[in-house]
Amino acid sequence: MVFHGPGDLRREDLPVPAPAHGELVMRIDAALTCGTDVKTLRRGHPVMIPKVPTVFGHEFAGTVTAVGSGVRVREGDRVVAANSAPCASCPSCLAGRANLCEDLLFVNGAYGEFILLPPRLVARNVVTLTSSLPAERAAFAEPLACALLAIERVRVEAAQTVVVFGHGPLGCLLGMLAASRKARVVMVGKAGWRFDRLKNLGFARWLDATSAGNTVEAIREITGGRGAEVTVDATGRPEVWEQAVDSVARGGSVLFFGGCAPGTTIRLDTRRTHYEELTLLGAFHHTPEMIRRAVETLASGALVPDSLISHRMPLEEVGLALALMEKGEALKVLIRA
Ligand SMILES: [Zn+2]
Ligand SMILES: [Zn+2]
């Protein structure tokens, strides 16, 4: 599936690529739709897709079918690849924050039969899978790595109350990770089919943002008036960022996970932020270490993402799958060639 610009995704027959030195080709066994692809299809993406036309899709796992010279994995290996690779030499990389790399190399092409991976990605961000980890779970490595990085940054601990705003796939992954650390997770979302479908993911409580009246008050009420130790925005809406700040406890941490539209701002209570020592954190993307830890988390069964797959569709129907996502009628769609 080739992206030619906003609203223009085409099915094209391309030759199977051949790997040069340091490259590899993999057959895609499972790909997942992502909200980012929906956004990109609507308005393009300056960072992930600097030029068009380009192959499209970025969450995938598969089997190596050909390798160039100097590549350590072998034909037949089952692998997952991240959708980016850091440069390892810029100030951010040297400071151990490869997710902020100033020269991140992005790779797309999950919605296809085969994908060619460039040398930097092959060297840094391809992980071999054990035979017990199916491709459709391994394909969650990329979004799960983003969630892991975020949960590490905010240092979720056992017995804390963690409120997650937004029950899309990433909100759910964040909540599932917090729950696996024995936190009491409260999910805030809108009632409807997703809400019902996700009710048995191990969260302590659900709050219906549409009927809870004042969500902030509702959170204060269920935390004995204190607010939650950790609040997480997974909606990318400035008004929800504000709710996340308003519902955090003294000494608490707010994690801004959802990216808002460019140019937006939020208001901040300076008195609370200072005297109550609030910690406000952004979290973006992932690092090679988090990709590896995500694969381990999936392989060990510590997190089972299966219930986040709401639909399964063939490659030809990617456009339809993304349209379902856009209408809020799908969580993640598993795409198989
Ligand atoms: Zn994604
Ligand atoms: Zn870098």
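A short reminder: the numbers here are calculations on the coordinates, not readings from a lab. Fair warning: this is a prediction, and the values are worked out from it, not measured in the lab. Note that each Cβ is placed from the backbone with ideal geometry, even for glycine, and that neighbours are counted across all protein chains shown.
Things to note:
- Residues that are in contact with a helix residue (DSSP H, G or I) (Cβ under 7 Å, 6 or more places away or on another chain) and over 14 Å from Leu121 (Cβ atoms), drawn from region 62-77: none
- Some residue of region 110-117 being touching a helix residue (DSSP H, G or I) at 6+ places or on another chain (Cβ under 9 Å), closer than 18 Å to Ile291 by Cα, in contact (Cβ under 8 Å) with a residue 60 or more places away in the chain and within 16 Å of ligand 1 (Cβ to nearest atom): yes
This table checks each residue for (1) under 25 Å from the mean Cα position of the chain (by Cα); (2) touching a residue at least 60 places away in the same chain (Cβ under 8 Å).
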residue: Arg220; (1), (2): no, no
residue: Asp233; (1), (2): yes, yes
residue: Arg237; (1), (2): yes, no
residue: Trp241; (1), (2): yes, no
residue: Phe256; (1), (2): yes, no
residue: Gly259; (1), (2): yes, no
residue: Arg272; (1), (2): no, no
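- Answer residue from region 76-109, given it is under 22 Å from Ala337 (Cα atoms), within 18 Å of the chain's Cα centre (by Cα) and assigned to a loop (DSSP other than H, G, I, E, B) and is nearest to ligand 1 (Cβ to nearest atom) among those: Asn83
- Residue check, Arg293 in a helix (DSSP H, G or I), in contact with a helix residue (DSSP H, G or I) (Cβ under 8 Å, 6 or more places away or on another chain) and among the basic types (Lys, Arg): yes
- Listing of helices (runs of 4 or more DSSP H) fully contained in region 117-220 that carry 3 or more residues being among the hydrophobic types (A, V, I, L, M, F, W, C): 119-124, 141-154, 169-180
- Positions within region 52-72 being in a loop (DSSP other than H, G, I, E, B), closer than 22 Å to Glu12 by Cα and either free of Cβ contacts under 8 Å to residues at least 24 places away in the same chain or not aliphatic (A, V, I, L, M) (or both), in sequence order: Pro53, Phe56, Gly57, His58, Glu59
- Residue satisfying condition, being more than 26 Å from Arg292 (Cβ to Cβ) and either within 16 Å of ligand 2 (Cβ to nearest atom) or surrounded by fewer than 20 Cβ atoms within 10 Å (Cβ to Cβ) (or both), within set Pro91, Pro53, Pro86: Pro53
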